[in-house]
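**Student:** Dropping the structure in here first, questions after.
The values are calculated or read from the model by the stated rules, or taken from the named source; none is laboratory data. Fair warning: this is a prediction, and the values are worked out from it, not measured in the lab. Cβ placement follows ideal geometry from the backbone for every residue including glycine, while neighbour counts extend to all protein chains displayed.
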Amino acid sequence: MTSPKFTLTPMELAFFHKCLSSKICIRIFKALLVNKTLNISAISRKVGCTNRDAVQHLKNLSSLGTVEEEFHSGLHTFTLKEGDFTELMRHVVELLEV
C-alpha cells in the first residue's frame, strides 16, 4: 500500500504540528470525525475542556482548512471539511493510535 503524498507550506506545517501536539485538539478532531458538525458547547462536553480552550484549538484546525466555523441563529457551530488536510490529519491520528 502506498502512502498518499501531501505538500505543506512552512506555515501549514507549523499549524499541523500545533494541532498534533495537543491531546485536546486531537480529541476535538476525533469528535468532529464522528459527528461532522457540532456546536461549541457539545464539543467542549465531548472533549472535556472549556469553551475557550475548544475555540482556540478549533481556530488552529480552521487555519489548516480542516474545520469551518459557522454562525446560525445564535449558534456557533463547527463543521469538518472534506479535503487534503482533513485526510492527512485523519491518517496521522490513526497512526498515533497504533
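**Student:** Name the single residue that is farthest from residue 77 (Cα to Cα) among those in region 1-16 being in a helix (DSSP H, G or I) and over 12 Å from the mean Cα position of the chain (by Cα). Spell out the reasoning first.
**Tutor:** Filtering region 1-16 down to residues in a helix (DSSP H, G or I) leaves 10-16.
With the extra rule that they be over 12 Å from the mean Cα position of the chain (by Cα), the set shrinks to 10-14.
On the way: 10: 28, 11: 25, 12: 23, 13: 25, 14: 25 Å.
Once the filter is applied, the top-ranked residue is 10.
**Student:** Scan region 67-98 residue by residue and report those that are touching a Gly at 6+ places or on another chain (Cβ under 7 Å) and buried (at least 18 other Cβ atoms within 10 Å of the Cβ).
**Tutor:** Within region 67-98, just 85 meets the criteria.
**Student:** Based on what the data block shows, is residue 28 assigned to a helix (DSSP H, G or I), modelled with pLDDT of 95 or more and within 19 Å of residue 92 (Cβ to Cβ)?
**Tutor:** So residue 28 fits the description; yes.
**Student:** Further question on the same structure: Working carefully through the options 23, 5, 30, find the one that is of a type in the set (Lys, Arg) and closer than 18 Å to residue 81 by Cβ.
**Tutor:** None of the other options fit; the residue is 30.
**Student:** Moving on to the next point. Of everything in region 31-81, what is among the aliphatic types (A, V, I, L, M), part of a helix (DSSP H, G or I) and either out of contact with any Phe, Trp or Tyr (no Cβ under 9 Å at 6 or more places or on another chain) or closer than 30 Å to residue 7 by Cα (or both)? Give them in sequence order.
**Tutor:** As a first pass, look at region 31-81 and keep what is among the aliphatic types (A, V, I, L, M): 31-34, 38, 40, 42-43, 47, 54-55, 58, 61, 64, 67, 75, 80.
The next check asks that each one be part of a helix (DSSP H, G or I); those that pass are 31-34, 40, 42-43, 47, 54-55, 58, 61, 64.
Result: 31, 32, 33, 34, 42, 43, 47, 54, 55, 58, 61, 64.
**Student:** For region 2-22, state whether one or more residues are on the phi > 0 side of the Ramachandran plot and loosely packed, with under 12 Cβ neighbours inside 10 Å.
**Tutor:** No, region 2-22 has no match at all.
**Student:** Are any residues in region 44-90 small (Gly, Ala, Ser), under 22 Å from residue 23 (Cβ atoms) and without any contact (Cβ under 8 Å) to a residue 40 or more places away in the chain, and if so, which ones?
**Tutor:** 44, 48, 54, 62, 65, listed by residue number.
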